[in-house]
Every structure is written in structure tokens, then in C-alpha cells.
Amino acid sequence: MQKRVFIGIAIGAAWLLVLFFAPGWVLFSVLACVTALCQYEFYNMMSNGNLRVPCSPAWGIGMGIVWELFNFIYLPQGGRYADYGLFLLAFLILLFLLRVLFMRNQRDPVLYAATTLLGFFYLPFLLVYFIRIAQWGCAEPGMISPDRSGVYLILFLAWIVKFNDVGGLAVGVPFGKHKCIPSVSPNKSWEGFFGGLAVSIGFSLGFLALAKNWGAVPEGIRTLAQAVSYWQITLIGAVLAIVGLLGDLVESRFKRAAGVKDSACLFSSLGGFLDMFDSLVFAPVFFYCVLLWLGR
């Protein structure tokens, strides 16, 4: 447990350095690399273990990088972003399916195509919303806002979701007796769920109080915070915690089907990159929708 905490703190500190001091293109590069590693671990998990499902990591990761780059360099302006984004998405899928069409030695093209596209939509398609959040308040493509408001929003999102994990472990390990979904994740309990939920709500309320009253907070965050009430941030924190848990359970379901404990063995007891970021896969989509609603 001590080694796990130490590795977690080291990774968290590195993330903070990137978030607060790195220019936009560095932040994008780090997010793209992490997403590619998560995607590779997913494909490796699908093609090994009990499943032995054919897939193409190179094509899936390549599609993901193109999709992330498009979102980074093209800010939403009128209807053009949505139109061009749908066109690019259709083009990438068509290009991949043409590749499947002309493959000669693939015995199961349906599984090959379905698993490869699942890896794309499961990870880079969803995680790209981290880039959208990082660019919140920015008017120039390929940049982040000058006061780094989007960085603070990413930090808020990550801390709420991850401290839900911490609260779940702190309460669930010593007191957990009633299992949530034992067929998917036998270690998760209702006691841990409510413990993590309470921690996420507490941190949400603390963040809002700081944003409303601390002068060092960027102007964009302070303006946004004035439009949010404490009952609203309570609801946002609770939903983020639940969405994060769902992301964790989905990856657990995939791992159980593949017959593996971790997606990789890069970080000792922490597993791989996908094991660390599984709870953050669905959360940025929800949080971005909340930001659009608050900024309307």
C-alpha cells in the first residue's frame, strides 16, 4: 500500500507540473500520449488473455491521434466545428473499413473491425473532451486560455473523480460488507461507494468556496463560480463521482472478460495507464456538458 501511495503521489505531482506550467502543445502531447498508451493496453487486453479477439492497435491509435489533433487545433465556431468533426469521423471510419475490405488473411473481419472501432470510441473519442475543457475560455485554436482557467477545471474534475476512489478505498476496505456488483468488481461495496461519494461532494464544496472567495483563482474560474450555487456543485460532485465509478466498472468488466487482473504491469500494484485513467474516461464528457450549460 505504501508503494502504491508513493507512485500515485509521484504521478500526481508530475501531472500538476504539466497542467500549471506546460504550454498548450505540451499539454496536448502529454494527453495524446497517455490516451495512446491506454488504447494500446486496451487492444493488448482484448487480443490476449481469454478473449483472443483480433484487432488493429496501429489503426485505432492512429485514428485517435488524428481525432485529438483536430479537436486541439480547431475551436468550435458556429456550426463549422460540428460539420467538419462529423466529416472527419466518417472519413476515418470509412478509411478503416476499406482497410478491412482489402485484408486477405483476416478470418474474422467483423470482430477485427468491431474491436478496433470500440477501442477508438471507448478512449480517444471520449478522452478528447479533456482537450476541450483545457481550452475553455480560449479564443485561438491550438492554445489554452491565458489565465489557464481550463487547467483549473481539469484539476477540479480529476480530483473529484480520483478522491472518490480514495474515499471508496478508505471506507470500503475496513467497513465494506455489502457488495455492489460482485460479478464485475467483487471488491467494491456499498459502504465504499457512499464513502467515496461523501468525499467527492466535500471536495466539490471546498473547491467552490475557494473559487468564490480566493483572490488567486483565475478570473474565468471566479466568474464561473459565481454562477454556481452550493446545491448545484453538490449535485455536480455527486454525478461526477458516479460517472467515474461507472468508468471504473466498465474497464473491470472488460478485464474480467479478458481474464486479466490489470491492463498492464507498468506501475507495480497500480497496474497500467488504463487502470489509472479508467474512472476518468466518461467524466470529461459529462463535465463539458455542465460547463456548456453554465456558460449558456
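Any idea which residue in segment 168-178 is surrounded by the most Cβ atoms within 10 Å (Cβ to Cβ), counting only those that are part of a helix (DSSP H, G or I) and touching a Phe, Trp or Tyr at 6+ places or on another chain (Cβ under 9 Å)?
First pass over segment 168-178, keeping only residues part of a helix (DSSP H, G or I): 168-175.
Next, from what is left, pick out any that are touching a Phe, Trp or Tyr at 6+ places or on another chain (Cβ under 9 Å): 168, 171-172.
Working: 168: 28, 171: 20, 172: 22.
Among residues in segment 168-178 that are part of a helix (DSSP H, G or I) and touching a Phe, Trp or Tyr at 6+ places or on another chain (Cβ under 9 Å), the one surrounded by the most Cβ atoms within 10 Å (Cβ to Cβ) is 168.
Taking segment 115-138 as the search range and keeping residues that are touching an Asp or Glu at 6+ places or on another chain (Cβ under 8 Å) and in a loop (DSSP other than H, G, I, E, B), which one is surrounded by the fewest Cβ atoms within 10 Å (Cβ to Cβ)? Among those that are touching an Asp or Glu at 6+ places or on another chain (Cβ under 8 Å) and in a loop (DSSP other than H, G, I, E, B), it is 137.
If you take the residues of segment 13-44 that are among the hydroxyl-bearing types (Ser, Thr, Tyr) and closer than 17 Å to residue 117 by Cβ, which of them is surrounded by the most Cβ atoms within 10 Å (Cβ to Cβ)?
Keep residues of segment 13-44 that are among the hydroxyl-bearing types (Ser, Thr, Tyr), which gives 29, 35, 40, 43.
Keeping just the survivors that are closer than 17 Å to residue 117 by Cβ gives 35, 40, 43.
Details: 35: 26, 40: 21, 43: 23.
By that ranking, first place goes to 35.
Out of all the residues in segment 270-296, which are within 13 Å of residue 239 (Cβ to Cβ) and of a type in the set (A, V, I, L, M)? Within segment 270-296, 283, 285, 290 qualify.
Residue pairs whose Cβ atoms lie under 9 Å apart, separated by 6 or more positions or on different chains, with the first residue in segment 10-39 and at pLDDT below 90 and β-branched (Val, Ile, Thr) and the second part of a helix (DSSP H, G or I) and loosely packed, with under 14 Cβ neighbours inside 10 Å, are 18/26.
I'd like the full set of residues that are farther than 23 Å from residue 17 by Cβ and either modelled with pLDDT under 90 or part of a helix (DSSP H, G or I) (or both), limited to segment 53-68. Quick ask: steps written out before the conclusion?
Going residue by residue through segment 53-68, those that are farther than 23 Å from residue 17 by Cβ are 53-67.
Selection gives 57, 58, 59, 60, 61, 62, 63, 64, 65, 66, 67.
Looking at 84, 40, 112, just one residue is farther than 28 Å from residue 258 by Cα and either among the polar types (S, T, N, Q) or not in a loop (DSSP other than H, G, I, E, B) (or both), and that residue is 84. When residues in segment 170-188 are screened for being among the small types (Gly, Ala, Ser) and under 23 Å from the mean Cα position of the chain (by Cα), 2 of them pass. Might you let me know whether segment 189-202 holds any residue that is under 23 Å from residue 292 (Cα atoms) and part of a helix (DSSP H, G or I)? Looking through segment 189-202, at least one residue is under 23 Å from residue 292 (Cα atoms) and part of a helix (DSSP H, G or I).
Condition first: under 22 Å from the mean Cα position of the chain (by Cα), among the small types (Gly, Ala, Ser), more than 30 Å from residue 260 (Cβ to Cβ) and surrounded by fewer than 16 Cβ atoms within 10 Å (Cβ to Cβ). Can you find one or more residues in segment 66-80 that meet it? Looking through segment 66-80, none of the residues is under 22 Å from the mean Cα position of the chain (by Cα), among the small types (Gly, Ala, Ser), more than 30 Å from residue 260 (Cβ to Cβ) and surrounded by fewer than 16 Cβ atoms within 10 Å (Cβ to Cβ).
Picking from 217, 184, which residue would you name as being part of a loop (DSSP other than H, G, I, E, B), β-branched (Val, Ile, Thr), farther than 21 Å from residue 279 by Cα and touching a residue at least 24 places away in the same chain (Cβ under 8 Å)?
Values: 184 fails: farther than 21 Å from residue 279 by Cα.
Just a single option satisfies the conditions, and that option is 217.
Of the residues examined, residue 163 is not one that is closer than 22 Å to residue 280 by Cα and modelled with pLDDT of 90 or more. Restricting attention to segment 139-156 and to residues that are assigned to a helix (DSSP H, G or I) and touching a residue at least 24 places away in the same chain (Cβ under 8 Å), the residue that is surrounded by the fewest Cβ atoms within 10 Å (Cβ to Cβ) turns out to be 155.
The values are calculated or read from the model by the stated rules, or taken from the named source; none is laboratory data. All values reported here derive from a predicted model rather than from experimental measurement. Because the Cβ atoms are built from the backbone with ideal geometry, glycine has one as well, and the counts that use them run over all protein chains shown.
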